[in-house]
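Each remark here refers to the structure printed beneath this line.
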Amino acid sequence: MEVSDENKKLLEKYREDILKRSLSNTENYDRSILTLSASFLGFSLAFIRDLAAGIDVSASFLLPSSWLFFFIAIVVTLVSFQVSERALIVALENAESVYLRNDPSGYEKTNRLEKWNRYCSYGSGATFSFASLLTVIFVTLNLSNMKPTIVQKGASIPKPQSGAAVPGMQLPAPVPAPTPPAPAPAPASK
């Protein structure tokens, strides 16, 4: 069975698209993990300090619960990247059967991994949103218990001594004040 040049070109175009998607998944994989992890840790560490200090915290179960859901979101996201990679391979195999083997059943083959990838995407978004909601509720309930870190009323703020320079700091040269224009000469009398 001879494969037409047109079918080979169609397959090559489809293959390029699949490979671009695969590359995009791989690039987004690292970016997503770093972003989620850094955001999760950074935001949580702001409150763990107060928990360790023994401050009266309301609904303390919310913060560890949000950590659990952030973790689930990260794991489901990781799984979705792997499922997506497999779904792309299956899609490519289906395309090869259509374009190279002239098998029209390739159009009808279902790619169950595409459906699972969609479920993973919805699941990771939902768990991330729920974890964010738990964190916001925790912060909202405990904002009144947080000690402000701003300067208290009546506290003195040190002022720099005049003329003192900070080592390594270049002081700007004074800019001379503008001089007023000279009055115009009076007209000569005749």
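A few notes on this one:
- Positions within the range 102-124 being surrounded by fewer than 16 Cβ atoms within 10 Å (Cβ to Cβ), touching a helix residue (DSSP H, G or I) at 6+ places or on another chain (Cβ under 8 Å) and within 18 Å of I72 (Cα to Cα), in sequence order: S121
- For the range 98-113, a tally of residues being in a helix (DSSP H, G or I) and at pLDDT 85 or above returns 2.
- Within the range 71-93, restricting attention to residues that are polar (S, T, N, Q) and crowded, with 19+ Cβ neighbours inside 10 Å, the residue that is farthest from the chain's Cα centre (by Cα) is S84.
- Residues of the range 92-134 that are among the charged types (D, E, K, R) and either in contact with a Phe, Trp or Tyr (Cβ under 7 Å, 6 or more places away or on another chain) or under 21 Å from N7 (Cα atoms) (or both): E93, E96, R101, D103, E108, K109.
- Hits in the range 72-83 - residues which are modelled with pLDDT under 85, farther than 13 Å from Y122 by Cβ and not aliphatic (A, V, I, L, M): F81
- Matching residues in the range 49-65 - criterion: being exposed (fewer than 12 other Cβ atoms within 10 Å of the Cβ), modelled with pLDDT of 65 or more and either part of a helix (DSSP H, G or I) or in contact with an Asp or Glu (Cβ under 7 Å, 6 or more places away or on another chain) (or both): R49
- Of all residues in the range 15-35, exactly one satisfies the criterion of being of a type in the set (V, I, T), modelled with pLDDT under 85 and more than 15 Å from A73 (Cα to Cα), namely T26.
- Any hit, the range 105-127, residues being among the acidic types (D, E) and without any contact (Cβ under 8 Å) to a residue 60 or more places away in the chain: yes
- For the range 100-113, the set of residues classified as over 37 Å from the mean Cα position of the chain (by Cα) and closer than 23 Å to N25 by Cβ consists of G106 only.
The values are calculated or read from the model by the stated rules, or taken from the named source; none is laboratory data. Owing to the predicted nature of the structure, the values given are computational and were not obtained by experimental measurement. Cβ sites come from the backbone with ideal geometry, for glycine too, and all protein chains shown count toward neighbours.
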